[in-house]
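K.L.:
Below you will find the structure I want to go over with you.
Bear in mind that the values in this text are calculations on the coordinates, not laboratory data. Predicted model only: the values in this text are computed from it and were never measured. Note: ideal-geometry Cβ built from the backbone for every residue, glycine included; neighbour counts use all protein chains shown.
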């Protein structure tokens with residue numbers, strides 16, 4: 001037993017010596033010396049370039065670069081009295097990729113088969129597309145005597161509905177109108193806060209309530225205050241949690257009835273759709289049409305998609321005009337939809 005104790009003691013002593021040696025070696029290791037730096041030049045930059053602006057300066061032609069790229073291949077087809085099967089197949093592929101839609105694509109192909117493209121396929125497409133976009137795009141800002149005009153905004157969450165209201169408030173303010181905002185989307189967290197920020201930016205009045213409050217009451221109060229203060233226009237947000245919710249669509253019908261009751265008068269109901277969702281936008285739209293009496297479409301994020309042809313599909317399938325399009329993040333990047341400018345930008349004409 002004594003021998004065992006002696007062995008253990010020797011092992012402990014040796015272990016201590018080894019650890020001490022390692023620590024000593026670490027302490028005496030020479031420090032690394034950084035290499036000397038090269039001398040800095042006296043002048044780094046002789047001229048600074050201005051930062052690019054997201055607010056202004058880009059044309060619609062610039063904004064639609066992604067969509068226009070889809071049409072590059074058809075622009076190369078020269079004038080011909082009769083298109084070959086391969087050429088027609090190419091046109092079909094391009095139109096479908098651009099989300100023009102099956103119905104419109106079939107009609108375009110039939111016309112090309114019948115008439116050909118003597119001035120080139122791009123020129124023929126321009127005529128056909130413009131013909132499909134001939135609708136009245138005027139907006140109404142006046143109501144009957146003694147009533148306040150109301151614009152209702154409907155659409156699912158995430159399409160840019162509240163931002164659209166803010167940008168249109170800015171447009172109306174710049175055109176000399178006073179605006180009242182109604183924060184009728186009381187089911188989405190922070191929706192009223194977001195709209196209040198826009199009210200501050202655009203010098204507009206706003207009526208809001210606590211989250212979960214009755215949307216019809218908010219819109220009714222906003223119209224009443226607008227009437228008392230002689231405000232020119234009410235822009236009313238609405239809930240958009242789910243397009244396929246019966247309760248939501250019933251709620252929208254109720255809000256419209258309230259807004260159209262004296263002293264208010266609904267003069268525009270604008271359905272806001274996200275262009276980047278393509279054909280899904282059409283399925284969303286059909287759910288809202290009967291419930292809210294849509295008079296026009298606002299198509300947001302058109303600059304962020306290569307499927308700009310969705311404009312044509314929406315108008316043909318829904319028979320409702322696109323009145324505004326969003327083409328950027330800037331406050332002035334919600335513009336009136338002009339078919340000629342749009343088609344020329346799409347085709348690179």
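K.L.:
Could you check the simple spin-label distance between residue 66 and residue 261, using points 7 Å along Cα→Cβ, in nm with one decimal?
P.N.:
It works out to 4.3 nm between the two label points.
K.L.:
Applying a 10 Å radius around every beta-carbon, put 203-212, 78-87, 323-332 in order of their mean neighbour count, most first.
P.N.:
Numbers: 203-212: 16.4, 78-87: 12.1, 323-332: 19.4.
Output ranking for 203-212, 78-87, 323-332: 323-332, 203-212, 78-87.
K.L.:
What distance in nm lies between label points placed 7 Å from Cα along the C-beta direction at residue 80 and residue 177?
P.N.:
Once both label points are built, they end up 5.0 nm from each other.
K.L.:
Report the antiparallel proportion of the DSSP beta bridges in region 185-335 as a percent, rounded to a multiple of 5.
P.N.:
20
K.L.:
Run the numbers for residue 103 and residue 140: contour at 0.36 nm per residue of separation, minus the present Cα-Cα distance, in nm.
P.N.:
10.2 nm
K.L.:
Still on this structure: What distance in nm separates the two pseudo spin-label positions at residue 229 and residue 131, each 7 Å out from Cα along the beta-carbon direction?
P.N.:
The two pseudo-label positions are separated by 5.1 nm.
K.L.:
For region 264-304, which semi-axes, largest first and in whole Å, follow from the square roots of 5 times the eigenvalues of its Cα gyration tensor?
P.N.:
With the √(5λ) rule applied to region 264-304, the semi-axes are 21, 13, 5 Å.
K.L.:
Along each principal axis of its Cα atoms, how long is region 60-132 end to end? Whole angstroms, biggest number first, please.
P.N.:
Computed over the Cα atoms, the extents are 33, 25, 23 Å.
K.L.:
I'd like to compare 264-275, 121-132: which one has the highest average count of other Cβ atoms within 10 Å, and what's the full order after that?
P.N.:
Values: 264-275: 23.8, 121-132: 18.2.
Ranked by mean Cβ neighbours within 10 Å, highest first: 264-275, 121-132.
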